[in-house]
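Have a look at the structure below before the remarks.
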Amino acid sequence: VVQTPGQQPELVRTASFCSGCPHNSSTVVPEGSVAMAGIGCHGMVMSHPTRNTITISHMGGEGASWIGASPFIDRTHIFQNMGDGTYFHSGLLAIRAAIAAGANMTYKVLVNGAVAMTGGQPIEGESMDGEITTPEIAHQLRAEGIERIAILSDDIEKYADGIFPTGATIHHRDEIDRVQREIRE
């Protein structure tokens, strides 16, 4: 509530996710963990103290502040949220930089198939290159050298056997806390 002297109090609404948005659950981190935000609606978690999300970065720079700071602080791991629109645009470059730096971090590529912050158009509307799928992202990440890949979804049955790289695991979204704790450790 915001109140100016002599005026009635005004209600202030904190920005939040659309009803049913998968980012509402995908941005949660395990107790004791910290995440960083990037460009996209998932950045709204910075205004939700229980989400333990600090700092935001420009598009394509997700994780850069961790790369620079991690050698000088006691924390050993961080989660980095990244939307699939950003991944498609320039986010893979940020992931490549983290790999090259040997950064101990987990990128959470939040796939919803839309550039929601700018009107909800499909990702392909941002580029003439077409849409990128979760299996394609997983294969690209494996080709970049990422060994541990976990896919979380509310509908794991939609993925055919063998569609993901060997060793990638598929979990129901309800298992997010357990999977993140495993990866963090």
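The values are calculated or read from the model by the stated rules, or taken from the named source; none is laboratory data. Computed from a predicted model, the values in this text were never measured in an experiment. FYI the Cβ positions are ideal-geometry reconstructions off the backbone, even for glycines, and counts take in every protein chain you see. Each accessible area value is taken on the protein alone, full model and side chains, heavy atoms only, with ligands, DNA and RNA left out. Shrake-Rupley method; radii C 1.70, N 1.55, O 1.52, S 1.80 Å.
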Working out 0.36 nm times the residue gap between ARG148 and GLU175, then minus their Cα-Cα distance, what length gain in nm do you get to one decimal? 8.1 nm
Keeping all protein chains in the complex and leaving out DNA, RNA and ligands, what accessible area do you get for ASP174 with a 1.4 Å probe, in Å² to the nearest 10? 130 Å²
Please report, as a whole percent, how much of the solvent-accessible surface of the chain comes from carbon and sulfur atoms (probe radius 1.4 Å). 54 percent
Relative compactness, segment 25-95, computed as alpha-carbon Rg over 2.2 N^0.38 Å: 1.05
For an R0 of 30 angstrom, estimate the FRET efficiency from the Cβ-Cβ distance between ALA15 and ALA69 and round to the nearest 0.05. 0.65
With each label point set 7 Å from Cα along the Cα-Cβ vector, what nm distance links ALA160 and LEU93? 3.4 nm
Using the Cβ atoms and a cut-off under 11 Å, what net charge is assigned to the surroundings of ILE95, where Lys and Arg are +1 and Asp and Glu are -1? -1
Helix 92-101 sits off the longest principal axis of the Cα atoms of the chain, rounded to the nearest 10 on a 0 to 90 degree scale, by 70 degrees
Segment 1-95: which GluC sites (Glu not before Pro) are DSSP loop and have at most 16 other beta-carbon atoms within 10 angstrom? GLU31
Helix-only CD estimate at 222 nm, as mean residue ellipticity for the chain, using -39500 (n - 2.57) per DSSP H run (n ≥ 4): -5500 deg cm²/dmol
Per residue accessible area of the chain, 1.4 Å probe, in Å²: 56 Å²
